[in-house]
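The values are calculated or read from the model by the stated rules, or taken from the named source; none is laboratory data. The structure presented is a predicted model; accordingly, all values stated were derived computationally and were not measured. Backbone-built Cβ (ideal geometry, glycine too); neighbour counts: all protein chains shown.
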Amino acid sequence: MNKASLLLPVMVLMLAGCTAAQGPGSSDAATAAPSIETADEGQTSLPQGSADGEQAQGAAETAQEAAVVKQYRTIVIPTMYESVTSQEEADEIAKTNGYESASLEEDGSLTIVMEEDVYQQMIGEFLASVEKGTREIVGDGSASSIKKIEYNDDLSVFTVSVDTDEIGIIERQAAEELVMYGTLYHIYTGNNVDHIQVDFVNEESGDVIESADSGSLTGAY
C-alpha cells in the first residue's frame with residue numbers, strides 16, 4: 001500500500017469513528033473552528049488630509065477588517081486502515097497530500113489536520129472513486145448477475161439489483177467492497193451510523209433477496 005495515499009486504505013470491515021475538529025494541533029474532534037491570520041500591522045504613514053494618505057489609511061483598515069479566516073478539518077484514520085509506523089511516515093503523508101499536519105497516535109491511528117478546501121477536494125475524489133468502483137462491479141463479467149448499484153447520499157445503504165435469486169460468492173465479495181466504501185466515507189465525514197447496509201434485490205420484482213451489513217457481514221458470509 002502507498003502510505004502517502006489516504007484514499008486507498010486496506011479493506012477491513014469494521015466501523016470506526018471520525019470527527020471534524022478545531023484548527024491545527026487540536027485533538028478535540030467535535031467541530032471545525034476558524035483560525036485567523038491577520039494582516040501585517042506595519043504600514044507607511046502619509047500626510048493626513050492628502051488624497052493619497054486617506055486612500056492608504058482606508059485600504060489598511062479594510063485589510064485589517066478582512067483578515068483571512070481559514071477553516072480546518074481533523075479526521076482520524078484508525079490503525080486498521082492506515083499502516084503508518086513512524087512519525088516520519090506521517091510527516092511524509094502530510095507533505096505529499098498538502099495537509100497541515102499528520103500525527104501518529106499511541107494506538108496506531110493517524111490524526112490528520114487539513115484546510116477546508118483540501119478536505120473538500122479529498123471528499124470529492126473519494127466519491128468519484130466510489131462511483132467508478134461501483135461501475136466496475138456492474139461491468140465485471142464475472143459478476144454478471146449484478147445489473148445496477150445505487151446508494152443513498154451518505155453511503156449508508158447500497159441497493160444491488162441482480163437478475164438471480166441466488167446470491168453467490170462474487171456478489172458477496174461485491175458487498176464487502178461496498179461496505180468498505182461506506183465505512184471509509186463515514187470515517188472521513190464523521191457522519192456516524194450504526195452500520196453500512198447492502199440489500200440485494202431482484203431486478204424485475206424489486207424484492208429483497210438477501211441483506212448484509214457491516215455488523216453481520218462476516219458472520220453471514
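Residue-by-condition table, conditions (1) modelled with pLDDT under 95; (2) farther than 25 Å from Asp213 by Cβ; (3) among the polar types (S, T, N, Q); (4) more than 19 Å from the chain's Cα centre (by Cα):
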{"residue": "Glu100", "(1), (2), (3), (4)": "no, yes, no, no"}
{"residue": "Glu125", "(1), (2), (3), (4)": "no, yes, no, no"}
{"residue": "Glu131", "(1), (2), (3), (4)": "no, no, no, no"}
{"residue": "Asp165", "(1), (2), (3), (4)": "yes, no, no, yes"}
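The residues of the range 139-176 that are surrounded by fewer than 20 Cβ atoms within 10 Å (Cβ to Cβ), part of a helix (DSSP H, G or I) and among the charged types (D, E, K, R), listed by number, are Arg172, Glu176.
Check the range 103-123 and report whether any residue there is of a type outside the set (Asp, Glu), without any contact (Cβ under 8 Å) to a residue 60 or more places away in the chain, surrounded by 14 or more Cβ atoms within 10 Å (Cβ to Cβ) and under 30 Å from Ser161 (Cα atoms). No, that holds for no residue.
Exactly one residue out of Glu82, Glu116 is at pLDDT 95 or above and of a type in the set (Asp, Glu), and it is Glu116.
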